[in-house]
Amino acid sequence: MLNERMVSLGTQRSVIRELFEFGKTRAAEIGAENVFDFSIGNPSVPSPDCVNETAIRLIQETDPVVLHGYTSAQGDAVVRKQIADSLNHRFLTNYRPENLYMTVGAAASLCCCLNGICNPGDEVIVFAPYFPEYRVFIEGAHAVMKLIPADTEAFQIDFDALDKALSEKTKAVIVNSPNNPSGAVYSEATVKKMSDMLNEASEKFGHPIYLLADEPYREIVFKGVTVPFLPKYYKNTLVCYSWSKSLSLPGERMGYVLVPDDVAESELVYAAVAGAGRSLGYVNAPSLFQRVCAACADETADIAVYETNKDLLVSSLRDMGYHVVEPQGTFYMFPRTFGTDDIAFCEKAKEFNLLIVPGTGFGCPGHTRISYCVPTERAKRSLDAFEKLSKCYK
Ligand code: PLP
(Lines give C-alpha, C1' and ligand atoms only; values in the text may rest on other atoms or scores of the structure.)
Protein backbone atom coordinates (compact mmCIF):
# COMPACT_ATOMS: atom_id res chain seq x y z
CA MET A 1 0.00 0.00 0.00
CA LEU A 2 1.51 3.32 -1.06
CA ASN A 3 1.14 6.60 0.76
CA GLU A 4 -2.15 7.86 -0.70
CA ARG A 5 -1.40 11.49 0.04
CA MET A 6 1.83 11.31 -1.94
CA VAL A 7 0.17 9.47 -4.83
CA SER A 8 -2.45 12.15 -5.03
CA LEU A 9 0.10 14.99 -4.82
CA GLY A 10 2.13 13.30 -7.53
CA THR A 11 -0.78 12.74 -9.90
CA GLN A 12 -2.87 15.89 -9.58
CA ARG A 13 -1.34 18.69 -11.58
CA SER A 14 -1.84 22.17 -10.15
CA VAL A 15 -4.27 24.43 -12.02
CA ILE A 16 -1.30 26.63 -12.96
CA ARG A 17 0.68 23.71 -14.43
CA GLU A 18 -2.47 22.54 -16.25
CA LEU A 19 -2.82 25.97 -17.89
CA PHE A 20 0.88 26.10 -18.69
CA GLU A 21 0.61 22.72 -20.50
CA PHE A 22 -2.52 23.91 -22.33
CA GLY A 23 -0.51 26.97 -23.43
CA LYS A 24 2.21 24.78 -24.91
CA THR A 25 -0.32 22.70 -26.86
CA ARG A 26 -2.05 25.84 -28.13
CA ALA A 27 1.31 27.41 -29.09
CA ALA A 28 2.09 24.37 -31.27
CA GLU A 29 -1.30 24.84 -32.99
CA ILE A 30 -1.43 28.60 -33.56
CA GLY A 31 2.11 29.85 -32.87
CA ALA A 32 3.59 30.90 -29.53
CA GLU A 33 3.20 34.59 -30.40
CA ASN A 34 -0.58 34.17 -30.48
CA VAL A 35 -0.89 32.68 -27.00
CA PHE A 36 -1.06 35.17 -24.12
CA ASP A 37 0.29 32.99 -21.37
CA PHE A 38 0.02 34.79 -18.03
CA SER A 39 -0.15 31.55 -16.08
CA ILE A 40 3.22 30.97 -14.47
CA GLY A 41 5.58 33.03 -12.31
CA ASN A 42 8.84 32.35 -14.11
CA PRO A 43 10.97 35.54 -14.15
CA SER A 44 11.29 36.87 -17.70
CA VAL A 45 14.42 38.98 -17.22
CA PRO A 46 17.96 37.60 -17.21
CA SER A 47 20.05 37.31 -14.07
CA PRO A 48 22.40 40.23 -13.48
CA ASP A 49 25.85 39.83 -15.08
CA CYS A 50 27.35 39.17 -11.68
CA VAL A 51 25.71 35.71 -11.65
CA ASN A 52 27.35 34.26 -14.77
CA GLU A 53 30.59 36.12 -14.20
CA THR A 54 30.92 34.72 -10.69
CA ALA A 55 29.93 31.20 -11.75
CA ILE A 56 32.52 31.22 -14.55
CA ARG A 57 35.22 32.65 -12.31
CA LEU A 58 34.52 30.10 -9.60
CA ILE A 59 34.59 27.22 -12.07
CA GLN A 60 37.87 28.44 -13.55
CA GLU A 61 39.62 29.34 -10.32
CA THR A 62 38.37 27.02 -7.57
CA ASP A 63 39.60 23.54 -6.77
CA PRO A 64 36.78 21.40 -8.26
CA VAL A 65 36.90 19.00 -5.34
CA VAL A 66 35.95 21.90 -3.07
CA LEU A 67 33.59 23.64 -5.50
CA HIS A 68 31.53 20.55 -6.26
CA GLY A 69 31.95 18.89 -2.87
CA TYR A 70 29.54 18.76 0.06
CA THR A 71 29.43 21.91 2.14
CA SER A 72 28.52 22.07 5.83
CA ALA A 73 24.86 21.07 6.19
CA GLN A 74 23.94 24.64 7.19
CA GLY A 75 25.88 26.08 4.22
CA ASP A 76 29.45 27.19 3.67
CA ALA A 77 30.69 29.42 6.51
CA VAL A 78 32.19 32.07 4.16
CA VAL A 79 28.95 32.16 2.18
CA ARG A 80 26.89 32.70 5.34
CA LYS A 81 29.25 35.46 6.46
CA GLN A 82 28.88 37.27 3.11
CA ILE A 83 25.09 37.04 3.33
CA ALA A 84 25.02 38.20 6.95
CA ASP A 85 27.20 41.19 5.94
CA SER A 86 24.84 42.01 3.08
CA LEU A 87 21.80 41.92 5.38
CA ASN A 88 23.61 43.97 8.03
CA HIS A 89 24.49 46.84 5.76
CA ARG A 90 21.08 46.88 4.07
CA PHE A 91 18.93 46.56 7.18
CA LEU A 92 21.30 47.89 9.86
CA THR A 93 21.26 44.60 11.72
CA ASN A 94 23.91 42.56 13.46
CA TYR A 95 23.51 39.05 12.08
CA ARG A 96 26.22 36.40 12.20
CA PRO A 97 26.79 33.35 9.95
CA GLU A 98 25.25 31.28 12.78
CA ASN A 99 21.88 32.95 12.13
CA LEU A 100 21.70 31.60 8.57
CA TYR A 101 20.79 28.17 7.25
CA MET A 102 21.14 27.75 3.46
CA THR A 103 18.28 26.01 1.64
CA VAL A 104 17.11 24.96 -1.81
CA GLY A 105 14.79 27.95 -2.25
CA ALA A 106 11.94 29.49 -0.28
CA ALA A 107 9.85 26.32 -0.61
CA ALA A 108 12.53 24.40 1.30
CA SER A 109 12.98 27.28 3.75
CA LEU A 110 9.28 27.06 4.60
CA CYS A 111 9.35 23.26 4.87
CA CYS A 112 12.40 23.36 7.16
CA CYS A 113 10.72 25.93 9.42
CA LEU A 114 7.33 24.20 9.48
CA ASN A 115 8.77 20.75 10.11
CA GLY A 116 11.21 22.18 12.63
CA ILE A 117 8.67 24.01 14.79
CA CYS A 118 5.34 22.17 14.38
CA ASN A 119 4.05 19.18 16.29
CA PRO A 120 1.13 17.17 14.89
CA GLY A 121 -2.13 19.12 15.19
CA ASP A 122 -0.51 22.54 15.60
CA GLU A 123 -2.21 25.29 13.62
CA VAL A 124 -0.57 27.57 11.08
CA ILE A 125 -2.42 30.72 10.04
CA VAL A 126 -2.33 31.80 6.39
CA PHE A 127 -3.90 34.91 4.84
CA ALA A 128 -5.85 34.68 1.59
CA PRO A 129 -4.97 35.15 -1.17
CA TYR A 130 -2.12 32.71 -0.59
CA PHE A 131 0.49 30.65 -2.46
CA PRO A 132 -1.34 27.31 -2.89
CA GLU A 133 1.69 25.20 -1.97
CA TYR A 134 1.41 26.44 1.63
CA ARG A 135 -1.28 23.85 2.30
CA VAL A 136 0.96 21.09 0.94
CA PHE A 137 3.89 22.26 3.07
CA ILE A 138 1.81 22.70 6.24
CA GLU A 139 0.05 19.36 5.93
CA GLY A 140 3.41 17.75 5.11
CA ALA A 141 4.54 18.96 8.54
CA HIS A 142 1.39 17.30 10.06
CA ALA A 143 0.02 20.71 11.02
CA VAL A 144 -3.36 22.23 10.17
CA MET A 145 -3.80 25.28 7.95
CA LYS A 146 -6.20 27.98 9.22
CA LEU A 147 -7.16 30.31 6.40
CA ILE A 148 -8.02 33.96 7.02
CA PRO A 149 -10.32 35.35 4.31
CA ALA A 150 -8.91 38.09 2.09
CA ASP A 151 -9.26 41.82 2.57
CA THR A 152 -10.29 42.32 -1.04
CA GLU A 153 -10.27 46.14 -0.83
CA ALA A 154 -6.50 46.52 -0.31
CA PHE A 155 -5.13 42.99 0.25
CA GLN A 156 -3.86 43.91 3.70
CA ILE A 157 -5.08 41.89 6.74
CA ASP A 158 -8.59 41.26 8.05
CA PHE A 159 -7.70 41.75 11.73
CA ASP A 160 -11.09 40.67 13.10
CA ALA A 161 -10.70 37.35 11.36
CA LEU A 162 -7.11 37.05 12.62
CA ASP A 163 -8.28 37.73 16.15
CA LYS A 164 -10.85 34.92 15.90
CA ALA A 165 -8.36 32.46 14.38
CA LEU A 166 -5.62 32.84 17.01
CA SER A 167 -5.81 30.07 19.63
CA GLU A 168 -3.65 28.03 21.97
CA LYS A 169 -3.02 25.72 19.01
CA THR A 170 -1.50 28.49 16.85
CA LYS A 171 2.17 27.72 16.30
CA ALA A 172 2.93 30.02 13.37
CA VAL A 173 1.62 32.61 10.96
CA ILE A 174 2.88 32.77 7.37
CA VAL A 175 3.05 36.14 5.65
CA ASN A 176 4.07 36.79 2.08
CA SER A 177 4.71 40.44 1.27
CA PRO A 178 5.22 41.43 -1.56
CA ASN A 179 2.41 39.00 -2.22
CA ASN A 180 1.80 36.31 -4.76
CA PRO A 181 -0.88 36.64 -6.22
CA SER A 182 -2.05 40.18 -5.29
CA GLY A 183 1.24 42.11 -5.64
CA ALA A 184 0.34 43.89 -2.36
CA VAL A 185 2.99 44.95 0.15
CA TYR A 186 1.99 45.07 3.81
CA SER A 187 2.17 48.63 5.09
CA GLU A 188 4.05 49.53 8.26
CA ALA A 189 0.69 50.06 9.99
CA THR A 190 -0.43 46.55 9.02
CA VAL A 191 2.84 45.03 10.21
CA LYS A 192 2.71 46.89 13.53
CA LYS A 193 -0.86 45.90 14.24
CA MET A 194 -0.23 42.26 13.34
CA SER A 195 2.91 42.23 15.54
CA ASP A 196 0.94 43.64 18.50
CA MET A 197 -1.73 40.99 18.08
CA LEU A 198 0.81 38.16 17.85
CA ASN A 199 2.66 39.43 20.93
CA GLU A 200 -0.61 39.57 22.87
CA ALA A 201 -1.64 36.11 21.72
CA SER A 202 1.81 34.63 22.53
CA GLU A 203 1.48 36.07 26.02
CA LYS A 204 -2.10 34.90 26.45
CA PHE A 205 -1.43 31.33 25.28
CA GLY A 206 1.94 31.04 27.00
CA HIS A 207 4.11 30.14 24.01
CA PRO A 208 5.76 31.99 21.14
CA ILE A 209 3.84 32.27 17.90
CA TYR A 210 6.39 32.29 15.09
CA LEU A 211 6.03 34.58 12.10
CA LEU A 212 7.30 32.92 8.94
CA ALA A 213 8.17 35.72 6.51
CA ASP A 214 8.08 34.16 3.05
CA GLU A 215 10.12 36.65 1.05
CA PRO A 216 11.03 35.55 -2.47
CA TYR A 217 9.75 38.90 -3.81
CA ARG A 218 11.39 41.19 -1.21
CA GLU A 219 13.35 43.20 -3.81
CA ILE A 220 10.70 43.16 -6.54
CA VAL A 221 8.95 46.39 -5.61
CA PHE A 222 7.95 49.41 -7.64
CA LYS A 223 9.01 53.06 -7.36
CA GLY A 224 8.67 54.55 -3.92
CA VAL A 225 7.59 51.34 -2.15
CA THR A 226 9.46 50.06 0.90
CA VAL A 227 8.92 46.64 2.40
CA PRO A 228 9.05 46.69 6.22
CA PHE A 229 11.80 44.30 7.43
CA LEU A 230 9.72 42.05 9.66
CA PRO A 231 12.35 40.94 12.24
CA LYS A 232 12.53 44.62 13.28
CA TYR A 233 8.83 44.63 14.16
CA TYR A 234 8.26 41.15 15.58
CA LYS A 235 11.02 39.34 17.41
CA ASN A 236 9.88 35.77 16.75
CA THR A 237 10.27 36.15 12.97
CA LEU A 238 11.96 33.50 10.84
CA VAL A 239 12.78 34.83 7.37
CA CYS A 240 12.35 32.37 4.48
CA TYR A 241 14.25 33.99 1.63
CA SER A 242 15.11 32.91 -1.89
CA TRP A 243 16.96 34.27 -4.93
CA SER A 244 14.52 32.60 -7.34
CA LYS A 245 12.90 35.89 -8.32
CA SER A 246 15.33 38.64 -7.26
CA LEU A 247 18.23 37.13 -9.23
CA SER A 248 15.97 35.29 -11.75
CA LEU A 249 17.35 31.93 -10.61
CA PRO A 250 14.31 29.72 -9.86
CA GLY A 251 15.89 26.64 -11.40
CA GLU A 252 19.07 26.88 -9.35
CA ARG A 253 17.16 26.39 -6.06
CA MET A 254 18.86 28.68 -3.60
CA GLY A 255 17.61 30.41 -0.48
CA TYR A 256 18.06 30.57 3.26
CA VAL A 257 16.32 30.65 6.61
CA LEU A 258 17.30 33.51 8.89
CA VAL A 259 16.89 32.77 12.61
CA PRO A 260 17.74 36.04 14.42
CA ASP A 261 19.17 35.89 17.97
CA ASP A 262 16.04 37.75 19.17
CA VAL A 263 13.86 34.69 18.46
CA ALA A 264 12.92 32.91 21.68
CA GLU A 265 15.32 30.00 22.25
CA SER A 266 16.94 30.89 18.93
CA GLU A 267 19.65 28.23 19.12
CA LEU A 268 17.06 25.50 19.63
CA VAL A 269 14.93 26.89 16.81
CA TYR A 270 17.97 26.95 14.52
CA ALA A 271 18.74 23.34 15.50
CA ALA A 272 15.14 22.36 14.74
CA VAL A 273 15.32 24.02 11.30
CA ALA A 274 18.61 22.23 10.58
CA GLY A 275 17.17 18.95 11.89
CA ALA A 276 14.18 19.32 9.57
CA GLY A 277 16.53 19.94 6.62
CA ARG A 278 18.38 16.77 7.55
CA SER A 279 15.21 14.74 7.98
CA LEU A 280 13.88 15.96 4.62
CA GLY A 281 17.13 14.79 3.01
CA TYR A 282 18.33 18.17 1.72
CA VAL A 283 21.93 17.45 2.90
CA ASN A 284 23.17 20.89 1.82
CA ALA A 285 22.14 23.58 -0.64
CA PRO A 286 23.99 23.44 -4.03
CA SER A 287 27.61 24.30 -3.46
CA LEU A 288 28.38 26.37 -6.58
CA PHE A 289 25.24 28.49 -6.33
CA GLN A 290 25.64 29.11 -2.61
CA ARG A 291 28.84 30.91 -3.57
CA VAL A 292 27.32 32.66 -6.59
CA CYS A 293 24.34 33.98 -4.62
CA ALA A 294 26.52 35.13 -1.74
CA ALA A 295 28.75 37.09 -4.14
CA CYS A 296 25.67 38.68 -5.76
CA ALA A 297 23.66 39.15 -2.55
CA ASP A 298 23.49 42.94 -3.01
CA GLU A 299 22.24 42.72 -6.60
CA THR A 300 18.80 42.44 -8.18
CA ALA A 301 17.86 41.58 -11.77
CA ASP A 302 16.71 44.55 -13.87
CA ILE A 303 13.02 44.49 -13.01
CA ALA A 304 12.01 47.61 -14.99
CA VAL A 305 9.89 45.57 -17.42
CA TYR A 306 7.67 44.34 -14.58
CA GLU A 307 6.79 47.91 -13.64
CA THR A 308 6.22 48.91 -17.28
CA ASN A 309 3.87 45.94 -17.72
CA LYS A 310 2.12 46.67 -14.45
CA ASP A 311 1.45 50.30 -15.46
CA LEU A 312 0.24 49.28 -18.90
CA LEU A 313 -2.07 46.51 -17.69
CA VAL A 314 -3.51 48.34 -14.67
CA SER A 315 -4.52 51.40 -16.67
CA SER A 316 -5.75 49.48 -19.72
CA LEU A 317 -7.73 46.95 -17.71
CA ARG A 318 -9.32 49.68 -15.60
CA ASP A 319 -10.36 51.48 -18.81
CA MET A 320 -12.09 48.27 -19.88
CA GLY A 321 -14.00 48.15 -16.59
CA TYR A 322 -11.89 45.66 -14.65
CA HIS A 323 -11.49 46.28 -10.91
CA VAL A 324 -7.78 46.05 -10.08
CA VAL A 325 -5.98 46.82 -6.80
CA GLU A 326 -2.71 48.32 -8.01
CA PRO A 327 0.21 46.00 -7.20
CA GLN A 328 3.14 47.50 -5.32
CA GLY A 329 5.56 44.73 -6.19
CA THR A 330 6.08 41.21 -7.67
CA PHE A 331 4.99 40.51 -11.24
CA TYR A 332 1.42 39.52 -10.43
CA MET A 333 -1.88 41.34 -10.30
CA PHE A 334 -5.17 40.00 -9.03
CA PRO A 335 -8.17 41.76 -10.62
CA ARG A 336 -11.77 40.87 -9.90
CA THR A 337 -13.43 38.68 -12.48
CA PHE A 338 -16.63 39.75 -14.18
CA GLY A 339 -19.21 37.56 -12.47
CA THR A 340 -18.35 35.62 -9.34
CA ASP A 341 -17.42 32.35 -11.06
CA ASP A 342 -13.68 32.84 -11.56
CA ILE A 343 -13.24 29.31 -12.89
CA ALA A 344 -15.79 29.89 -15.67
CA PHE A 345 -14.22 33.31 -16.34
CA CYS A 346 -10.74 31.82 -16.83
CA GLU A 347 -12.20 29.06 -19.05
CA LYS A 348 -13.83 31.76 -21.17
CA ALA A 349 -10.48 33.59 -21.36
CA LYS A 350 -8.97 30.52 -23.02
CA GLU A 351 -11.28 31.11 -25.99
CA PHE A 352 -9.19 34.25 -26.64
CA ASN A 353 -5.93 32.37 -26.02
CA LEU A 354 -5.58 34.25 -22.76
CA LEU A 355 -4.21 32.09 -19.95
CA ILE A 356 -4.98 33.48 -16.50
CA VAL A 357 -5.41 31.61 -13.23
CA PRO A 358 -8.67 31.41 -11.20
CA GLY A 359 -8.49 33.01 -7.74
CA THR A 360 -10.20 30.02 -6.10
CA GLY A 361 -6.91 28.12 -5.82
CA PHE A 362 -5.44 31.09 -3.94
CA GLY A 363 -8.34 31.01 -1.48
CA CYS A 364 -9.97 34.06 -3.07
CA PRO A 365 -12.77 33.32 -5.55
CA GLY A 366 -14.07 36.08 -7.82
CA HIS A 367 -10.51 37.06 -8.81
CA THR A 368 -7.92 36.01 -11.35
CA ARG A 369 -4.13 36.08 -11.22
CA ILE A 370 -2.24 37.61 -14.12
CA SER A 371 1.53 36.86 -14.14
CA TYR A 372 2.89 39.68 -16.22
CA CYS A 373 6.51 38.54 -16.32
CA VAL A 374 6.32 38.60 -20.13
CA PRO A 375 7.79 40.87 -22.84
CA THR A 376 5.93 44.22 -22.91
CA GLU A 377 5.15 43.73 -26.58
CA ARG A 378 3.16 40.59 -25.63
CA ALA A 379 1.38 42.40 -22.80
CA LYS A 380 0.36 45.09 -25.34
CA ARG A 381 -0.92 42.57 -27.86
CA SER A 382 -2.93 40.81 -25.13
CA LEU A 383 -5.10 43.87 -24.51
CA ASP A 384 -7.45 43.00 -27.36
CA ALA A 385 -8.10 39.60 -25.76
CA PHE A 386 -8.80 41.20 -22.35
CA GLU A 387 -11.21 43.60 -24.04
CA LYS A 388 -13.05 40.80 -25.88
CA LEU A 389 -13.26 38.86 -22.62
CA SER A 390 -14.76 41.83 -20.76
CA LYS A 391 -17.35 42.31 -23.54
CA CYS A 392 -18.65 38.77 -22.96
CA TYR A 393 -19.93 40.03 -19.60
CA LYS A 394 -21.52 43.31 -20.71
N1 PLP B 1 6.52 31.46 -1.85
C2 PLP B 1 5.87 32.14 -2.80
C3 PLP B 1 4.87 33.15 -2.40
C4 PLP B 1 6.12 31.91 -4.15
O5 PLP B 1 5.45 32.60 -5.08
C6 PLP B 1 7.08 30.91 -4.51
C7 PLP B 1 7.34 30.61 -5.92
O8 PLP B 1 6.71 31.04 -6.83
C9 PLP B 1 7.73 30.24 -3.47
C10 PLP B 1 7.44 30.53 -2.17
C11 PLP B 1 8.75 29.19 -3.78
O12 PLP B 1 9.93 29.82 -4.19
P13 PLP B 1 11.27 29.04 -4.48
O14 PLP B 1 11.36 28.88 -5.97
O15 PLP B 1 12.34 29.92 -3.98
O16 PLP B 1 11.21 27.75 -3.78
Q) Applying 1/(1 + (r/R0)^6) with R0 = 51 Å to the Cβ-Cβ distance of ASP262 and VAL136, what FRET efficiency is obtained, to the nearest 0.05? A) 0.95
Q.
Can you compute the helix-only [θ] at 222 nm over the chain? Use -39500 (n - 2.57) per DSSP H run of at least 4 residues, normalise by all residues, nearest 500 deg cm²/dmol.
A. -12500 deg cm²/dmol
Q. If you add up the charges near THR170, with Lys and Arg at +1 and Asp and Glu at -1, over every other residue whose beta carbon is less than 11 angstrom from its beta carbon, what do you get?
A. +1
**Q.** Square roots of five times the Cα gyration tensor eigenvalues for segment 142-207, Å
**A.** 21, 14, 10
Q) What are the ³J(HN,Hα) values, in whole Hz, obtained from phi via the Karplus relation 6.51 cos²θ - 1.76 cosθ + 1.60 with θ = phi - 60°, for each residue of segment 376-392 in sequence order, with x given for Gly and Pro? A) 4, 4, 6, 4, 5, 5, 6, 4, 4, 5, 4, 5, 4, 4, 5, 5, 5
**Q.** Part-to-part distance (alpha-carbon centres) for segment 91-168 and segment 351-394, which is given in Å
**A.** 28 Å
Q. If ligands, DNA and RNA are left out, what is the accessible area of TYR282 with a 1.4 Å probe, given in Å² to the nearest 10?
A. 80 Å²
Q) Efficiency by 1/(1 + (r/R0)^6): what FRET value for ALA154 and LYS24, r their Cβ-Cβ distance, R0 = 51 Å, to the nearest 0.05? A) 0.90
Q: Keeping the other protein chains in place, figure out the carbon and sulfur percent of the accessible area of segment 188-231, with a 1.4 Å probe.
A: 50 percent
Q. Counting only protein heavy atoms, what percent of the accessible surface of segment 263-367 is carbon or sulfur at a 1.4 Å probe?
A. 52 percent
Q: Let me know the Rg and Dmax you get for the chain when you use only its Cα atoms, in Å.
A: 21.1, 66
Q) Where both partners of a DSSP beta bridge lie in the chain, what percent of those bridges are antiparallel, to the nearest 5? A) 40 percent
Q. Roughly how many Å² is the accessible area per residue of the chain, as a whole number, for a 1.4 Å probe?
A. 44 Å²
Q: For segment 1-153, restrict the atom set to alpha-carbon positions and state the Rg and Dmax in Å.
A: 20.8, 56
Q: Quickly work out the LYS394-to-GLU377 label distance, labels modelled 7 Å from Cα along the C-beta direction, and quote it in nm with one decimal.
A: 2.9 nm
**Q.** Rg [Å, one decimal], Dmax [Å, integer] - segment 221-345, C-alpha atoms
**A.** 19.3, 54
Q) Carbon and sulfur together cover what percent of the accessible area of segment 62-141 at a 1.4 Å probe radius? A) 56 percent
Q. What length, rounded to one decimal in nm, is gained on full extension from ASN34 through to LYS204, with 0.36 nm per residue of separation minus their alpha-carbon distance?
A. 55.5 nm
Q.
Please compute the modelled spin-label separation between MET320 and HIS68, points set 7 Å along Cα→Cβ, answer in nm with one decimal.
A. 5.0 nm
Q: May I ask for the Rg/Rh ratio of segment 341-383, computed from Cα atoms with Rh as the Kirkwood radius, given to two decimals?
A: 1.01
Q.
Could you tell me how many cubic angstrom of Cα convex hull volume segment 292-384 has per residue?
A. 122 Å³
Q: State which entries of LYS223/LYS380; LYS146/LYS388; LYS204/LYS235; LYS146/LYS235; LYS146/LYS232; LYS245/LYS388 exceed 27 angstrom in Cα-Cα distance in the structure shown.
A: LYS146/LYS388; LYS245/LYS388
Q | Candidates per GluC sites (Glu not before Pro) in segment 97-136, loop by DSSP, up to 12 other Cβ within 10 Å | A | none
Q: For ARG17 and ALA77, compute 0.36 nm times the residue count separating them, minus their Cα-Cα distance, and round to one decimal in nm.
A: 17.9 nm
Q) Under the Kirkwood approximation applied to all pairs of distinct alpha-carbon atoms, what is the hydrodynamic radius of segment 87-197 in Å? A) 15.3 Å
Q) Taking a Cβ-Cβ separation under 4.7 Å as the criterion for a possible partner, which cysteines of the chain have none? A) CYS111, CYS112, CYS113, CYS118, CYS240, CYS293, CYS346, CYS364, CYS373, CYS392
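The values are calculated or read from the model by the stated rules, or taken from the named source; none is laboratory data. Predicted model only: the values in this text are computed from it and were never measured. When we count neighbours, we look across all protein chains shown, and the Cβ atoms used for this are built from the backbone with ideal geometry, even at glycine. With ligands, DNA and RNA removed, areas are computed over all heavy atoms of the protein, side chains included. Shrake-Rupley method; radii C 1.70, N 1.55, O 1.52, S 1.80 Å.
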